[in-house]
Amino acid sequence: MARAIFPIFFLFLFALLSCSAIFEVTQADYVETQDAKLHGLKRRKLTHFRVYFHDIYSGPNPTAVAVLRPPISINSSTLFGSISMMDDPLTEGPELSSKLVGRAQGFYASAAQQQAGLLMAMNFVFLQGKYNGSTITILGRNAVFSKVREMPVIGGSGLFRFATGYAQATTYSFNLTTGDAVVEYNVYVLHY
Ligand SMILES: *[C@@H]1O[C@H](CO)[C@@H](O)[C@H](O)[C@H]1NC(C)=O
Ligand SMILES: *[C@@H]1O[C@H](CO)[C@@H](O)[C@H](O)[C@H]1NC(C)=O
Ligand SMILES: *[C@@H]1O[C@H](CO)[C@@H](O)[C@H](O)[C@H]1NC(C)=O
């Protein structure tokens, strides 16, 4: 009888020990499950923005600057490998003089060898009203000579915490001599 109980006892002990190990992991001090409602995360909404993005290389106050032009890019029709940094105004209308809504800060890099295709990595920093100081982060591919380019919104801060969505860019004007461009951005963001 005692011999039969012995293995069962060890099995029981083993089960108990593994249970307490799991218990310890889920009860660790550095992590806990929280109620989303306590953080004001109740209902997701969809917000649409239309802003005009001014990428200016020319004149006394450029907003975009070439930071890398590797030798190989000189012979490349797509300037493959080159990188520009920007702090571009985002305005309500297509004229630079229209109301400043925010700025597009980040960089874009020529990531395609066959046809123009940029890797865009930028934050839209809003500067007006309740959105002042909130940001959304856009990371995606921008085939600049296509009519409509779509890029993912991969996150945000402030009023745009937990943001997901997409941006559609359409060129409004482009000066081939200077490289200056005005681009209409329609951004659709799901956030709380
Ligand atoms: C660019 O092309 C020219 C002409 O084919 C060649 O002589 C030159 O070495 C190339 N430059 C680079 C950086 O590849
Ligand atoms: C936006 O916030 C900044 C920093 O808090 C402040 O200086 C600025 O006046 C605000 N702008 C508007 C339009 O409210
Ligand atoms: C492009 O920019 C140059 C230099 O500022 C200017 O002379 C020219 O008129 C512009 N072209 C267009 C199409 O706006």
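The values are calculated or read from the model by the stated rules, or taken from the named source; none is laboratory data. Predicted, not measured: the structure shown is a model, and the values here were computed from it. Note: ideal-geometry Cβ built from the backbone for every residue, glycine included; neighbour counts use all protein chains shown.
Give the residues of the stretch 64-88 that are in contact with a Phe, Trp or Tyr (Cβ under 8 Å, 6 or more places away or on another chain) and of a type outside the set (A, V, I, L, M, F, W, C), sorted by residue number.
Those that are in contact with a Phe, Trp or Tyr (Cβ under 8 Å, 6 or more places away or on another chain) and of a type outside the set (A, V, I, L, M, F, W, C): Ser73, Ser84, Asp88.
Can you pull out the residues in the stretch 106-140 that are under 11 Å from the mean Cα position of the chain (by Cα) and either closer than 30 Å to Ser77 by Cα or among the hydrophobic types (A, V, I, L, M, F, W, C) (or both)? Please lay out each step first, then the result.
Just the residues of the stretch 106-140 that are under 11 Å from the mean Cα position of the chain (by Cα), to begin with: 106, 120-124, 135-140.
Those that are under 11 Å from the mean Cα position of the chain (by Cα) and either closer than 30 Å to Ser77 by Cα or among the hydrophobic types (A, V, I, L, M, F, W, C) (or both): Gly106, Met120, Ala121, Met122, Asn123, Phe124, Ile136, Thr137, Ile138, Leu139, Gly140.
For a quick check of your reading: which strands (runs of 3 or more DSSP E) sit entirely within the stretch 63-111 and have at least 2 residues that are among the polar types (S, T, N, Q)?
Working: elements: 64-68, 83-91, 100-110.
Per the criteria, 83-91, 100-110.
Which count do you get for residues in the stretch 85-141 that are within 16 Å of ligand 2 (Cβ to nearest atom), hydroxyl-bearing (Ser, Thr, Tyr) and touching a strand residue (DSSP E or B) at 6+ places or on another chain (Cβ under 6 Å)?
Selection size over the stretch 85-141: 4.
Rundown of residues vs (1) in the same structural domain as Tyr185 (by TED's automatic domain parsing); (2) at pLDDT below 95, yes/no style:
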position	(1), (2)
Ile22	no, yes
Lys37	no, yes
His48	yes, no
Tyr52	yes, no
Pro60	yes, no
Ala66	yes, no
Ser76	yes, yes
Asp87	yes, no
